[in-house]
1. With a 1.4 Å probe and every protein chain left in place, tell me how much accessible area SER32 has, in Å² to the nearest 10.
2. Suppose every Lys and Arg Cβ carries +1 and every Asp and Glu Cβ carries -1, with no other charges. What dipole size does the stretch 18-63 come out with about its Cα centre, to the nearest 20 debye?
3. Would you mind getting me the FRET efficiency between LEU104 and LEU50? Use the beta-carbon distance for r and R0 = 22 Å, nearest 0.05.
4. Return the long-range amide H neighbours of ASN20 (sequence gap of 5 or more, or a different chain), with a cut-off of under 5 Å between placed amide H atoms.
5. Could you tell me which of TRP150, CYS125, ALA113 has its Cα farthest along the dipole of the stretch 109-168 towards the positive end, charges placed at Cβ (Lys, Arg +1; Asp, Glu -1), taken about the Cα centre?
6. Whenever you get a sec, compute what percent of the accessible area on the stretch 37-79 sits on carbon and sulfur atoms (1.4 Å probe).
7. Might you tell me the accessible area per residue for the stretch 107-164, computed with a 1.4 Å probe and given in Å²?
8. Which value, in Å² and to the nearest 10, is the accessible area of CYS144 when all protein chains are kept and the probe is 1.4 Å?
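The values are calculated or read from the model by the stated rules, or taken from the named source; none is laboratory data. Small disclaimer: the values here were computed from a predicted structure and weren't measured. All Cβ positions, even for glycine, are placed from backbone atoms using ideal geometry, and neighbour counts span all protein chains on display. Each accessible area value is taken on the protein alone, full model and side chains, heavy atoms only, with ligands, DNA and RNA left out. Shrake-Rupley method; radii C 1.70, N 1.55, O 1.52, S 1.80 Å.
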Amino acid sequence: MILAVLFANSVGNVLIERFNGVPAEERLTWRSFLVKLGAENLKGVKNEELLVACHKSVYIVYTMLGDVSIFLVGKDEYDELACKPLSFSLSFCSSADKRFIQSLLNLLAVAEAIFIITGAVKDICGKPPTERVFLDKYGRICLCLDEIVWNGLLENTDKDRIKRLIRLKPPSEF
């Protein structure tokens, strides 16, 4: 589950934020934590180089895209039922190994989401965005986020489908 998506400028001002399943009283804490994390670690990072952090049993994947920092916070993407097909091959693993594999799968799910979001933002802006271009395309970026992440779940991952959905035209194919 994607708990938060946050975009910030190079100074740390939040441009867009979406929280899913995070209580209102915790949002300010998460917001300031993510901005501080970016200020400490994103200086000198290459464009689209992924950084990963773990905090309070959640995974944070973050990157720079042009002048904009993108943060994704995720948790529990693959629960025990989703990992059931792996249970046969994991039957000889220790419980610590199983927890490690579970954590790795959760991290990969969050990384997949950030790849989709960065690709969509680049498509909308035409290149890695400056803050000005990002704010000029703000509405389309918000629509795009709404199509990609719905109630904390990764909904649409196909670039062409996302482009069709954010055109704001009635669907022509059924």
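1. Approximately 70 Å² of SER32 is accessible to the 1.4 Å probe.
2. On the way: 7 positive and 5 negative charges, 15 e Å.
It works out to roughly 80 debye.
3. Values: r = 14 Å, r/R0 = 0.66.
Once the sixth-power term is evaluated, E becomes 0.95.
4. ALA4
5. With unit charges placed on the Cβ atoms, the residue in question is CYS125.
6. On the way: 990 of 2080 Å².
Roughly 47 percent of what the probe reaches on the stretch 37-79 is carbon or sulfur.
7. Working: 3070 Å² over 58 residues.
Each residue of the stretch 107-164 exposes 53 Å² on average to a 1.4 Å probe.
8. So the heavy atoms of CYS144 present about 10 Å² to solvent.
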